[in-house]
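The values are calculated or read from the model by the stated rules, or taken from the named source; none is laboratory data. None of these values were measured; they are calculated from a predicted model. Don't worry about glycine lacking a Cβ; one is built from the backbone with ideal geometry, like all the others, and counts go over all protein chains shown.
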Amino acid sequence: MSPAGLNVSSGGHQGVQEHATFRILGIAGSLRKSSFNRSLLRAAQQVAPDGVAIDIYDISAIPLFNGDVEATGLPESVQDFVDHIRAADAILIATPEYNHSVPGVLKNAIDWVSRPSSGNPLRHKPLAMMGASGGQFGTVRAQEAWRLVFASGIDPFVMVNPQLMVNNAAQKFDQQGELIDDDTRDRLTGFIEALVAWSERIHGRSTSVLSTH
Ligand code: FNR
């Protein structure tokens, strides 16, 4: 992994899209190597329309938030995260649910970039969240908790619908992390298209990436 924190960069049906016109920054809220949520982002890369790239950002280098450290300047890994969020056309979070709420590692990363709220890189950025869990409810409570977090003044433009909760994840991904459930793949495809459409409305421009799909 480069210090930049971007360890996977591809998307679209034809694989890597260096010249994609629309770039989504995917962030998994799990550091686990076999994370279902990272696998869900990889599946999103596969179903993204031509012209849309999903880059997966690795938050593992981000330290625990410490106001004393913040007062002396952002650590390099945090600044890198900020820069990648700023450069993205949209943000796609794949969140686990921990104890009916958000996972601490991702909450910590978001806390770092949330200040000051008026200049934070997520402000007015199109954002969608999805999630996979081993349980029945597929991160519905974590996603609700994230909505509360984002309404605190961070203020991304959160896509309200459609929603994507992947429950019983162990049955929907194989041992290699490939998504093997056709219904989930179809819903994921629609979800990514909806995020692009939502973002285009916010940016006030059309990338035309949906017209060919
Ligand atoms: C969980 N898990 C879990 N699942 C769920 O549906 N609701 C929950 O409240 C919790 N709580 C919870 C707490 C903690 C500390 C852990 C470690 C796990 C199970 C969780 O869905 C499962 O571990 C997923 O596999 C986590 O996502 P990744 O790591 O596969 O992306």
- A109 being farther than 20 Å from A43 by Cβ and either surrounded by 15 or more Cβ atoms within 10 Å (Cβ to Cβ) or near the ligand (Cβ under 8 Å from one of its atoms) (or both): yes
- Pairs only if they're at least six apart or on different chains, beta carbon under 9 angstrom, first in the range 98-112 and under 21 Å from Q136 (Cα atoms) and in a loop (DSSP other than H, G, I, E, B), second at pLDDT 95 or above and among the basic types (K, R); list them, first residue then second. H100/R141
- Task: Go through the range 163-205 and count every residue that is within 16 Å of the ligand (Cβ to nearest atom), surrounded by fewer than 16 Cβ atoms within 10 Å (Cβ to Cβ) and part of a helix (DSSP H, G or I).
- Result: 2
- Task: Have a look at G51, G104, G5 and point out the one that is farther than 16 Å from G131 by Cβ, modelled with pLDDT of 95 or more and in contact with a Phe, Trp or Tyr (Cβ under 8 Å, 6 or more places away or on another chain).
- Result: G51
- Message: Here is a list: V149, V160. Which entry is of a type in the set (V, I, T), surrounded by fewer than 18 Cβ atoms within 10 Å (Cβ to Cβ), in a loop (DSSP other than H, G, I, E, B) and without any contact (Cβ under 8 Å) to a residue 60 or more places away in the chain?
- Response: V160
- Of the residues in the range 65-96, those that are outside any helix (DSSP H, G or I) and either within 16 Å of the ligand (Cβ to nearest atom) or touching a residue at least 60 places away in the same chain (Cβ under 8 Å) (or both) come to A88, D89, A90, I91, L92, I93, A94, T95, P96
- Task: Could you tell me which of the residues L40, L31 is within 16 Å of the ligand (Cβ to nearest atom), surrounded by 21 or more Cβ atoms within 10 Å (Cβ to Cβ) and either at pLDDT 95 or above or outside any loop (DSSP other than H, G, I, E, B) (or both)?
- Result: L40
- Take S117 and decide whether it is of a type in the set (G, A, S) and surrounded by 15 or more Cβ atoms within 10 Å (Cβ to Cβ). no
- Message: Based on this model, can you work out whether V158 counts as hydrophobic (A, V, I, L, M, F, W, C), more than 22 Å from E200 (Cβ to Cβ) and away from the ligand (no atom under 16 Å from the Cβ)?
- Response: no
